[in-house]
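To start, the structure under review is shown below, and the notes come after it.
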Amino acid sequence: MKKSNLITNLVASILCLCTFSNTLWSQEKNTNAIQFIQGDSTYTITKSSDIVYLKKNQFSIRYFSKPYDSDKSKFYAMRVAALTDAKDTIVLKNEKKTENISYFEPGTGIAPGENEMYDIIYFSQHAHHYLMFENQKDKRAYFISKYKDLVELEWKIFGVNFKAKEMKIKDFKKSTFYLVFFYDKNLNDKIDKEELKIVTVKLLD
């Protein structure tokens, strides 16, 4: 084989290997990400603090979690606090225990609606949404897919509850609010690295 052909074949083999590696990498999911979905648009949040712009219309949020297991006392859940004042997020720090955070302390989980789901966002400095999935019967979020030992779940949001008044998102007067996502991976009731995300939501008229 000529030297030029050998080099050409070697380069082609390297390119094929790189393409194969990239394909495998693209199939790996970022299970620490949170996705906001509205219509045909998807906004992926990977940083601990970020901003998302949404229309004043219904939207959904997707995330990954281990299944809730009541038999083994493995209470995996995504806890989400909805706030209208940025100063209420200042208390959030790594290594801080949830018992010292007003909206994540024990007993502050909001009861779901009649269908056992959270169809609306409840704004409160002293409560949070407790999104869990044990099976198709016991759940507070919709099952989307299974990935390794995790489930991909979706929270569908159709309205808001602000100052004890329910309304459609289009009637909500606030243009900015804050969603604090806390997923306690090691179930130690403490904020550890990569367990918290603060998303500023900007609503566009």
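The values are calculated or read from the model by the stated rules, or taken from the named source; none is laboratory data. What you are looking at is a predicted structure, and each value in this text was computed from that prediction instead of being measured. Note that each Cβ is placed from the backbone with ideal geometry, even for glycine, and that neighbours are counted across all protein chains shown. These accessible areas exclude ligands, DNA and RNA; they are computed on the full protein's heavy atoms, side chains included. Shrake-Rupley method; radii C 1.70, N 1.55, O 1.52, S 1.80 Å.
Distance between the modelled labels on ALA111 and MET167, one decimal in nanometres: 2.5 nm (7 Å Cα→Cβ projection).
Averaging the Cα positions of each part gives two centres, and for region 74-128 and region 137-205 these lie 9 Å apart. Its Cα centre serving as origin, the chain has a Cβ charge dipole (Lys and Arg +1, Asp and Glu -1) of approximately 660 debye. Excluding same-chain neighbours fewer than eight residues apart, the aspartates and glutamates reachable from LYS97 by a Cα-Cα span under 19 Å are ASP88, GLU105, ASP184, ASP189, ASP192, GLU194, GLU195. Its relative contact order, with pairs defined as Cα atoms under 8 Å and 6+ residues apart, puts the chain at 26 percent.
Among ARG79, ARG140, what's the order by accessible area (1.4 angstrom probe), most exposed first?
On the way: ARG79 30, ARG140 60 Å².
The most accessible residue leads, giving ARG140, ARG79.
Of LYS66/LYS148; LYS56/LYS137; LYS72/LYS148; LYS47/LYS170, which pairs sit farther than 21 Å apart, going by alpha carbon to alpha carbon? As for pairs spanning more than 21 Å Cα to Cα, those are LYS56/LYS137; LYS47/LYS170.
Between helix 3-27 and the chain there is an angle of about 10 degrees, using the helix long axis and the longest principal axis of the Cα atoms.
Going down the list LYS74/LYS146; LYS96/LYS174; LYS93/LYS193, which pairs span over 21 Å between their C-alpha atoms? Walk me through the numbers on the way to the answer.
Working: LYS74/LYS146 18 Å; LYS96/LYS174 29 Å; LYS93/LYS193 10 Å.
Pairs exceeding 21 Å: LYS96/LYS174.
Distance between the pseudo-spin-label points of LYS148 and ASN30 (7 Å out from Cα toward the beta carbon): 1.6 nm. For region 22-115, the dipole from Cβ point charges (+1 on Lys and Arg, -1 on Asp and Glu) about the Cα centre works out to 180 debye, to the nearest 20. Farthest towards the positive end of the charge dipole of the chain, among the residues TYR183, ALA82, ASN57, is the Cα of ASN57, using unit charges on the Cβ of Lys, Arg, Asp and Glu. Between SER73, SER124, SER60, the GNM of the chain built on Cα springs shorter than 10 angstrom shows SER73 fluctuating the most. The charge dipole of region 60-135, taken about its Cα centre with unit charges on the Cβ of Lys, Arg, Asp and Glu (plus for the first two, minus for the last two), comes to roughly 380 debye.
Quick one: work out the % antiparallel among DSSP beta bridges in region 90-205, nearest 5. Walk me through the numbers before you get to the answer.
Details: 18 of 22 bridges.
Taking every DSSP beta bridge within region 90-205, about 80 percent pair in antiparallel fashion.
Would you please classify the overall shape of region 118-196 from the alpha carbon gyration tensor, given that a ≥ b ≥ c denote the square roots of the eigenvalues, rounded means a/c under 1.5, and beyond that prolate means a/b larger than b/c while oblate covers the rest?
Values: a/c = 2.33, a/b = 1.47, b/c = 1.59.
It is oblate, given that a/c is not under 1.5 and a/b is not larger than b/c.
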